[in-house]
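Presented below is the structure to which this report refers.
The values are calculated or read from the model by the stated rules, or taken from the named source; none is laboratory data. Everything numeric here is computed off the predicted structure, so don't read it as measured data. Cβ atoms come from the backbone with ideal geometry, glycine included; neighbour counts cover every protein chain shown.
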Amino acid sequence: MGRRRRSLVFGVWVFVLLITLFSAVLNVPVVGGSGTIYIKADGSIDPPTAPIQRNGDVYNFTDNIYDSIVVERDNIVIDGAGYTVKGIGAWNSTGILLSERSNVTINNMQVKNFRDGIKLSKSLNNVISGNNIAASNYSGISLYDSSNNSICRNSIFGNNIANSQYGILLIYSPNNSISENNIASNWWGIQLSDSSNNSISGNNIASNWWGILLYKSSSNIFFHNNFIASFINNTEQLDIQGFVYANVWDDGYPSGGNYWNDYGGVDLYGGPYQNVTGSDGIGDTPYVIDANSRDGYPLMNPWPTPLADFSITAPPTLLTIQQGNSSTSVVRVTSMGGFNQLVQLTVSGVPSGVTATLNPEQVTPPSDGTTNSTLTISVTTTATPGNYTLTVTGTNGTLTHSVKIPFKVTTQQSVGGFLVWVLGAAIAALATAVAATLLLRKRKKTSLSAVNM
């Protein structure tokens, strides 16, 4: 019986030894389970295995995320680097939640399949910019009791119109700016409920059942928006409910008001009173919203939207490459403002003894989507060890953007040195196993002596 037990103990320690060696050689990481990701008040990321890289006060995504994110820290930037935060459409889910937060910037990401894409509660002085938010069950972006926030250059679309959804929803939220967003295919494009003194400008509000819903909201200003209704039998651009007053629907002359695709006026005159011969791009008669609301200077043509553009990003992680080896990094090109043209990619800053190739060298991102190119960095055995930075540049006509990719060249490890390390680790593990076996035998003898006495 004693021999069997000793053999079992020794077998267990040999198994532990083998696991240790294989883990060291293969360097296989342990991946945690899924769940809500927290950016904690102390700046840490929980769980630490989440694909988010912290660089000071900037948090960069390094891969797609299939969980909700809760932000508990102020004065930070969350850069999605073109990656996606995706849920499963659960009714009580939120893609990114800010509660009682300030000075947080959320940009350059796609958020899909949540009840609320991005939600701010009792938060102020935050920026939500350059995101694509789609397929939300309730709202693309929602603000509750939040003020002095900026929502700009986002694409908010496809928010399941069958369930009375909102593109942007403000409740008890004053003094916010909503500008240059593309808000399409929602039940209501923008709803303001008990929210006043907000500025709504330069937005494309198209193909929603109603462009704007105002409920008990006053002293807001709307100008340079494009209201384009296209649903069958949609005869109202706006839905106004409750006690509403003092909302302004233009920016005066000559700045003008909004573009309404159902405006039936003409442009024969100009001037503040539209009585000077000659057209000026502004309708000669107001666009009547209701008995108390009108756009005094309706635009004859859509307001120019922000130029279609693209961004180029890569994971910020430092690549460590031994002499004689290679590594790769994913370069992501993301469409903004409907951009879907060819982008030529080039790489510069390549040091001696290193080659860098992009595959493919030309990419075309889908409209408001992302496409990838793989950068392969190969290091010869004669390359000088040290830290380097490559620059990948994307070009389309006059549009040019670039991203820096840092990497480190290290000395090639010899096979003999590696074998010595493995042998040393094996001897150490074996010594531990033997010591444990001897200790167990000693304890057993002591126990038997005590019984015999």
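Quick rundown of the values:
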| item | result |
| --- | --- |
| Failed criterion for Gly265 (all others in (1) under 39 Å from the mean Cα position of the chain (by Cα); (2) free of Cβ contacts under 8 Å to residues at least 40 places away in the same chain hold) | (1) |
| Qualifying residue in region 51-61 (condition: part of a strand (DSSP E or B), farther than 23 Å from Ala314 by Cβ and outside the structural domain of Lys122 (by TED's automatic domain parsing)) | no |
| Residue that is within 30 Å of His401 (Cα to Cα) and either touching a strand residue (DSSP E or B) at 6+ places or on another chain (Cβ under 6 Å) or not aliphatic (A, V, I, L, M) (or both), where the choices are Asn92, Asn131 | Asn131 |
| Which numbered condition Gly397 fails, given (1) exposed (fewer than 14 other Cβ atoms within 10 Å of the Cβ); (2) touching a strand residue (DSSP E or B) at 6+ places or on another chain (Cβ under 9 Å); (3) at positive phi | (2) |
| Checking Val111 against (1) in a loop (DSSP other than H, G, I, E, B); (2) under 26 Å from Ile312 (Cβ atoms), the condition it does not meet | (1) |
| Within region 237-253, considering residues that are of a type in the set (A, V, I, L, M) and not in a loop (DSSP other than H, G, I, E, B), the one modelled with the lowest pLDDT | Leu238 |
| Selection status of Thr380, within 30 Å of Ile156 (Cα to Cα), more than 24 Å from the chain's Cα centre (by Cα) and β-branched (Val, Ile, Thr) | no |
| Scope region 216-236; condition surrounded by fewer than 22 Cβ atoms within 10 Å (Cβ to Cβ), part of a strand (DSSP E or B) and at pLDDT 95 or above; matching residues | Ile221, Phe223 |
| Any hit, region 118-133, residues being under 18 Å from the mean Cα position of the chain (by Cα) and of a type in the set (D, E, K, R) | yes |
| Selection from region 314-334 of residues that are more than 17 Å from Ser155 (Cβ to Cβ) and not aliphatic (A, V, I, L, M) | Pro315, Pro316, Thr317, Thr320, Gln322, Gln323, Gly324, Asn325, Ser326, Ser327, Thr328, Ser329 |
| Count - residues of region 322-338 that are touching a residue at least 60 places away in the same chain (Cβ under 8 Å) and crowded, with 20+ Cβ neighbours inside 10 Å | 6 |
| Residue within region 254-266 that is assigned by TED's automatic domain parsing to the domain that holds Asn204, within 22 Å of Ser173 (Cβ to Cβ) and part of a loop (DSSP other than H, G, I, E, B) present | no |
| Filter result (part of a loop (DSSP other than H, G, I, E, B) and either of a type in the set (Ser, Thr, Tyr) or over 17 Å from Asn387 (Cα atoms) (or both)) within region 316-346 | Thr317, Gly337, Gly338, Phe339, Asn340, Gln341, Leu342 |
| Among the candidates Ser219, Ser193, Ser201, residue that is among the hydroxyl-bearing types (Ser, Thr, Tyr) and under 25 Å from the mean Cα position of the chain (by Cα) | Ser201 |
| Elements of type strands (runs of 3 or more DSSP E) in region 349-411, at least 2 residues being touching a residue at least 40 places away in the same chain (Cβ under 8 Å) | 370-379, 386-396, 399-410 |
| Number of the condition not met by Ile88 [criteria: (1) closer than 24 Å to Ser146 by Cα; (2) assigned by TED's automatic domain parsing to the domain that holds Asn113; (3) free of Cβ contacts under 8 Å to residues at least 40 places away in the same chain] | (1) |
